[in-house]
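For reference, the structure is listed below as structure tokens.
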Amino acid sequence: MSLVRNKPIKVAAGNFHAPAVNVAAVVTLTAIAAKGHVLQQIVYSYHGAAPTGGNLIVENGVGTTVFNIDITDAGEAFLELNPPIKGSKNTALVVTLAAAGASCTGKLNLGHYTDDLA
């Protein structure tokens, strides 16, 4: 049996990004002293046309990829991360939905909380 630790998800304007067409959607969860980010949910979409080079990456700090998937279809998707992705203490967590073509717009939304990580 799997036990899921449910915590309230922090509500903040910085939890989503909806840029213009063919621009990457990037959400950076800023480093917090003595705490780390725990990413539970990712909701994303591509609209307009099928994405060209569609991709979703999560980085623990800048440049350390911990999650990477390709996205080939337009539409919405919801990723419930169980177990969640735990970032390192004092480190930003960066989530990027790639720019995906001249006729494609992406949106990115995150559900996360901060915790005293071991």
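The values are calculated or read from the model by the stated rules, or taken from the named source; none is laboratory data. What you are looking at is a predicted structure, and each value in this text was computed from that prediction instead of being measured. In this analysis, Cβ positions are derived from the backbone assuming ideal geometry, glycine residues included, and neighbour counts consider all displayed protein chains.
Details
- Matching option when the condition is more than 11 Å from residue 45 (Cα to Cα) and not basic (Lys, Arg), among 109, 82: 82
- Candidates 101, 75, 36 - the one that is among the small types (Gly, Ala, Ser) and at pLDDT 95 or above: 75
- Answer from 111, 87 - the residue that is crowded, with 17+ Cβ neighbours inside 10 Å, under 13 Å from residue 60 (Cβ atoms) and at pLDDT below 95: 87
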